[in-house]
Amino acid sequence: IILAVDYGYERTGLAVCDKTETLASPIGTIKESYMPKVARRIFEAAEERKAELVVIGLPKNMDGTEGFRAERTRRFAALVAEKTGAEVVFVDERLSTVEAYTYMNITGLPGTKRKGKIDALSAQIILQSYLDAKKNG
């Protein structure tokens with residue numbers, strides 16, 4: 001099982017894939033800003049689902065460079081790897097949130113319900129991107 005994480009300052013989205021590693025599904029949002037607490041919750045989610053791999057969205061600038069957010073995400077990923085013992089890989093998350101908002105617009109999800117779902121949907125998009133890339137070699 002693969003667990004995906006869209007790490008954020010206030011909310012962190014989570015998603016998992018099916019056993020065949022074909023389809024990603026959102027599983028929820030962690031509403032916490034303190035990095036060690038978020039890492040602990042990731043550990044709990046990984047343990048509960050017996051995840052062997054954690055995919056974390058890496059926020060890059062549009063020109064492909066890494067800034068402060070990417071550095072913070074790399075520090076967070078190191079903490080997750082230490083706590084879970086699982087392999088951690090990064091996936092470029094550029095435009096995943098834009099894609100998530102586009103999906104919500106298409107499906108007509110009301111604005112009041114978006115805030116609680118956007119991060120988990122972004123994690124799902126990150127994981128699906130990883131699965132598709134892995135499948136297509």
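Just to verify a result, which residue in segment 80-94, among those that are assigned to a helix (DSSP H, G or I) and open to solvent by 40 Å² or more (accessible area, probe 1.4 Å), is farthest from Ala51 (Cα to Cα)?
Only one residue tops the list, namely Glu82.
Restricted to segment 39-54, and to residues that are part of a helix (DSSP H, G or I) and of a type in the set (D, E, K, R), which residue is surrounded by the fewest Cβ atoms within 10 Å (Cβ to Cβ)?
Going through the qualifying residues, I end up with Glu48.
All but one of (1) at pLDDT 90 or above; (2) closer than 13 Å to Val5 by Cβ hold for Lys50; state the number of the condition that does not hold.
With (1) at pLDDT 90 or above; (2) closer than 13 Å to Val5 by Cβ applied to Lys50, the lone miss is (2).
Can you find a residue that is of a type in the set (Ser, Thr, Tyr) and at pLDDT 95 or above anywhere in segment 64-73?
yes
Checking the structure you have, find out if any residue of segment 18-32 is among the charged types (D, E, K, R), surrounded by 18 or more Cβ atoms within 10 Å (Cβ to Cβ) and under 15 Å from the mean Cα position of the chain (by Cα).
No: segment 18-32 contains no residue that is among the charged types (D, E, K, R), surrounded by 18 or more Cβ atoms within 10 Å (Cβ to Cβ) and under 15 Å from the mean Cα position of the chain (by Cα).
Which residue out of Val55, Val91 is among the β-branched types (Val, Ile, Thr), in contact with a Leu (Cβ under 7 Å, 6 or more places away or on another chain) and at pLDDT 95 or above?
On the way: Val91 fails: at pLDDT 95 or above.
Selected residue: Val55, the only one of Val55, Val91 that is among the β-branched types (Val, Ile, Thr), in contact with a Leu (Cβ under 7 Å, 6 or more places away or on another chain) and at pLDDT 95 or above.
The values are calculated or read from the model by the stated rules, or taken from the named source; none is laboratory data. Here the structure is a predicted model, which means the values were calculated and not measured. Because the Cβ atoms are built from the backbone with ideal geometry, glycine has one as well, and the counts that use them run over all protein chains shown. Calculation scope for accessible area: heavy atoms of the full protein, side chains included, ligands and nucleic acids excluded. Shrake-Rupley method; radii C 1.70, N 1.55, O 1.52, S 1.80 Å.
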